[in-house]
Amino acid sequence: MRANRVARHGFAVLLTAGVVLSGAGVSAVPASASASAAASAKTVSDPVPYVDPFIGTRNGGNTWPGASRPFGMISWSPTSTQGDQTNTGGANGYQYDVTRVRGFALTHVNGAGCHPGAAGDVPIMPYVGAVNSSPSADATDRIYAADFLHNHEQAEPGHYKVTLSSGVTTDLAVTTRAGVGEFTFPRGSQANLLFRVSNSLNGSEDAEITIDPAGQKVTGSVLTGAFCGRRANGGINNRKSYYRLYFTAHFDRPFASTGTWKDGTHQPGGTTARGGEGYATGADRQGRGSGGWVGFDTSGDPTVRMRVGISYVSLEGAERNLKAEIGQRDTVEKVAEDAAGEWRRKLRAVRIAGGTTPQRTAFYTALYHAFLQPNILSDVDGRYLGMDRAVHKVEKGQKAQYGNFSGWDQYRAHVQLLALLEPEVAGEFAQSLFNYAKQNGGVWDRWVHVNGATHVMTGDPSAATLATFYAMGVRNFDVEGAFDSLVRQATVPHPDGLLDAGCPGQCVGQRPNLQQYMDSKYSAHDVCHCWGGAAETLEASVADAALANWARLLGRDEEYKTFSERGRWWRNVYNPQATPNAGYIQARKLDGSWLTPFNPGSDAGFAQGTSATYTWMVPQDVQGLAEAMGGREVAAARLDGFFHKPDGSWSVRGGDALRYDPTNEPGIHAPWLYNALGKPWKTQETVRQIVDTVYSDGPAGLPGNDDLGTMSAWYVYAALGLYPQAPGRAEMLLSSPLFTRAEIRPAGGKTITIEAPDASPVNKYVTGVELRGKAHTKSWVDGSLIERGGTLRVELGWQPSQTWGTAEADIPADQPWA
């Protein structure tokens with residue numbers, strides 16, 4: 001491990017910088033003037049030492065600290081246990097406060113909320129001692145697991161290392177599709193590696209292992225999937241398989257012993273085994289599964305080196321991936337150094353100056369998390385497993401096929417950051433989603449796990465995502481083909497839209513009961529076959545407004561008119577008399593009546609949120625929302641109440657059904673709505689309050705599920721003083737930058753420089769802006785900033801300015817409705 005970052009008792013230490021970063025137990029990024037004054041004004045040249053992979057591993061962030069590359073297929077990280085082999089400490093296998101490990105799995109999904117979440121395939125466990133029983137029969141992880149201390153654990157981008165209580169040190173580094181592990185056992189001990197091939201986080205339908213003593217390798221696969229398979233709301237719907245992950249593991253020495261197991265039976269000397277665990281929970285799955293182990297003579301050299309490659313296509317594909325990416329003599333140190341170099345190049349997409357060390361750590365870790373997905377799924381030869389479970393080759397001109405799309409979350413912030421910083425990857429991702437749709441009968445699934453259609457959440461996020469990509473200048477995908485396909489999905493009813501299978505959380509209908517929606521111009525809660533009629537209406541309105549803007553850019557006038565109108569259908573679920581004092585978004589029935597009784601703090605008619613939150617989810621028509629509420633002043637006053645308790649104190653940490661929830665997506669754009677209401681200084685103070693108190697640089701540094709980088713992308717934008725105005729558009733809303741300078745250098749794009757020389761904890765209010773040397777009075781910037789680049793200079797002060805950005809001409813304009 002390079003000597004610039006280690007984790008000790010939960011404290012991350014920057015040895016090269018000679019300063020200590022706050023870690024475990026930190027509740028917020030420090031905002032003191034003295035801390036700010038101590039920070040260097042020099043631009044960060046190497047962002048890698050500022051990344052702390054432990055951020056988000058506590059407090060439900062559901063991140064993981066293991067080794068990964070940008071957009072990588074493999075992610076090698078520990079699977080923890082609380083004494084139940086069918087469950088883990090965290091949704092993605094790792095929770096900071098659970099310090100017992102049953103293996104180091106090869107695949108993960110960042111920040112998914114279902115528990116267990118997804119993947120966690122093929123945990124590999126170093127074990128000291130004789131394997132005298134089946135590890136699958138060890139249902140409480142009493143025998144074949146080991147404790148560890150955080151002061152014996154280290155993590156940095158592309159590299160993870162831990163010493164277990166058994167005395168084994170596990171040292172891991174990865175490339176895009178392969179990895180190398182070095183397992184140092186107590187010298188002369190009974191040294192074994194257990195391959196728990198069936199023990200994916202949500203279980204498995206089938207698994208297999210073959211041990212080849214002559215070739216000094218172990219191969220196998222697991223047939224699994226089952227994302228959100230345990231959810232009470234329709235979980236049975238996703239207890240299914242949609243991918244098989246293959247692996248090949250090569251060793252630097254002969255095996256001293258071998259063995260296999262299936263369910264409760266173990267076979268010393270065995271070399272093959274097969275059997276899955278199923279997708280049940282608790283006792284119905286405990287004790288099931290298969291795997292194998294290999295033992296080593298460590299009397300001379302206690303360190304066993306293993307090289308592993310993976311593939312979703314075939315065992316031959318895993319072998320090719322390994323051969324292409326890791327040499328026979330490559331060490332963990334060599335691969336880790338290369339990983340650090342790749343991460344350094346990616347993270348330099350944004351170079352910051354100023355700020356405190358904890359703020360820099362929070363920022364670059366957020367950027368790191370944003371670059372963990374989407375994930376490359378195609379092998380080095382371009383082959384990949386399609387949504388139809390057939391093997392395909394990438395399209396002409398496409399470099400890689402990507403998977404893992406948490407659409408309902410990502411379309412609000414993450415896809416915009418991807419389009420800004422990695423436009424080529426964004427285009428490849430767009431093409432990947434289109435490829436999947438073509439393999440899925442024309443249906444664009446809203447939550448794609450690896451290659452699988454899971455139907456999780458609501459709305460049509462693919463429409464919003466691809467429209468956003470196009471608006472932000474992404475062109476390297478089949479634009480016309482994808483647009484036509486998404487228009488068809490939004491206008492031609494599909495039989496699945498009349499099914500309740502999987503509802504409410506995993507409804508199979510992508511545009512549920514579409515004919516009724518188009519006839520009534522809202523999604524009727526009692527016949528919608530969806531999670532919630534009000535939420536579905538709002539989601540469809542956002543998606544349709546995004547399609548309208550895409551149509552306008554393509555010169556598709558008819559589609560522009562159609563979807564512009566549909567982008568305003570949210571108004572049909574706004575009840576101005578919902579309460580005696582205020583109107584709210586409210587679910588309606590097919591006969592036009594409102595769903596009663598109504599409570600703005602209730603989630604009836606909504607998905608993972610309340611009416612109080614969803615009422616603000618109209619980013620495409622803020623002026624229309626303000627008008628419905630009684631005007632901008634009334635809307636701004638109501639927004640004040642969304643962020644503050646009646647006594648005026650802040651309420652931005654969640655836990656109040658009537659107020660802002662930073663842990664989930666429907667309301668995360670709300671702090672920027674003040675710009676459109678003519679009070680941009682309130683955006684500035686609200687965003688800064690959230691940045692300072694909700695996010696931090698410790699393990700609990702994320703407010704909730706990272707949701708495939710969405711919450712991290714929110715922080716990146718907030719720290720830069722920018723935020724996407726609405727899906728399907730390239731305009732950015734302005735706030736106060738956290739750093740004195742930020743250079744945004746998109747891959748292949750124009751450099752954007754944001755200067756805020758007076759940025760400090762107290763100077764959080766914008767007093768003036770210059771764009772490319774000219775005064776800029778608007779509280780937003782148009783798409784030319786992304787297209788042309790340039791310098792945005794922001795003057796900051798400690799008192800609110802109620803003149804900048806408040807003139808009628810300076811207020812962000814809504815969708816240019818037809």
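Things worth noting here:
- Answer residue from the stretch 568-588, given it is in contact with a strand residue (DSSP E or B) (Cβ under 9 Å, 6 or more places away or on another chain) and hydrophobic (A, V, I, L, M, F, W, C) and is nearest to A612 (Cα to Cα) among those: I585
- Test: K438 is of a type in the set (K, R), closer than 30 Å to I326 by Cα and surrounded by fewer than 24 Cβ atoms within 10 Å (Cβ to Cβ): no
- Residue in the stretch 475-534 that is farthest from D603 (Cα to Cα), counting only those that are modelled with pLDDT of 95 or more, among the small types (G, A, S) and in contact with a helix residue (DSSP H, G or I) (Cβ under 7 Å, 6 or more places away or on another chain): G481
- Among the residues making up the stretch 133-151, those that are out of contact with any Lys or Arg (no Cβ under 8 Å at 6 or more places or on another chain), closer than 20 Å to D263 by Cα and in contact (Cβ under 8 Å) with a residue 12 or more places away in the chain are S133, A137, D138, A139, T140, R142.
- Yes/no for G229 being under 24 Å from the mean Cα position of the chain (by Cα), within 17 Å of G120 (Cβ to Cβ), outside any strand (DSSP E or B) and in contact (Cβ under 8 Å) with a residue 12 or more places away in the chain: yes
- In the stretch 355-389, the residues that are assigned to a loop (DSSP other than H, G, I, E, B), crowded, with 24+ Cβ neighbours inside 10 Å and of a type in the set (G, A, S): G355, S378
- Qualifying residue in the stretch 749-769 (condition: modelled with pLDDT under 95 and under 30 Å from F71 (Cα atoms)): yes
- Residue pairs meeting the criteria (Cβ under 6 Å; at least 6 apart or on separate chains; first within 17 Å of Q689 (Cβ to Cβ), in the stretch 633-652; second part of a helix (DSSP H, G or I) and of a type in the set (S, T, N, Q)): F643/T686; W650/Q689; V652/Q689
- Close pairs (8 angstrom Cβ cut-off, 6 or more residues apart or separate chains): closer than 22 Å to A545 by Cα and modelled with pLDDT of 95 or more in the stretch 801-818, surrounded by 15 or more Cβ atoms within 10 Å (Cβ to Cβ) and among the β-branched types (V, I, T) anywhere: P812/V622
Condition check ((1) buried (at least 16 other Cβ atoms within 10 Å of the Cβ); (2) part of a strand (DSSP E or B); (3) in contact (Cβ under 8 Å) with a residue 40 or more places away in the chain) across all residues:
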| site | (1), (2), (3) |
| --- | --- |
| Y243 | yes, yes, yes |
| A249 | yes, yes, yes |
| R288 | yes, no, yes |
| D301 | no, no, yes |
| V304 | yes, yes, yes |
| E316 | no, no, no |
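- When the stretch 513-545 is filtered for residues that are out of contact with any Leu (no Cβ under 8 Å at 6 or more places or on another chain), assigned to a loop (DSSP other than H, G, I, E, B) and either of a type in the set (A, V, I, L, M, F, W, C) or on the phi < 0 side of the Ramachandran plot (or both), the ones remaining, listed by number, are Y522, S523, C528, C530, W531, G532.
- Helices (runs of 4 or more DSSP H) (entirely within the stretch 395-457) containing at least 2 residues that are under 19 Å from M73 (Cα atoms) and of a type in the set (S, T, N, Q): 423-439
The values are calculated or read from the model by the stated rules, or taken from the named source; none is laboratory data. Note that the coordinates shown come from a computational prediction; the quantities given were computed from them, not determined experimentally. Neighbour counts are summed over all protein chains in view; Cβ atoms, including those assigned to glycine, are modelled from backbone coordinates with ideal geometry.
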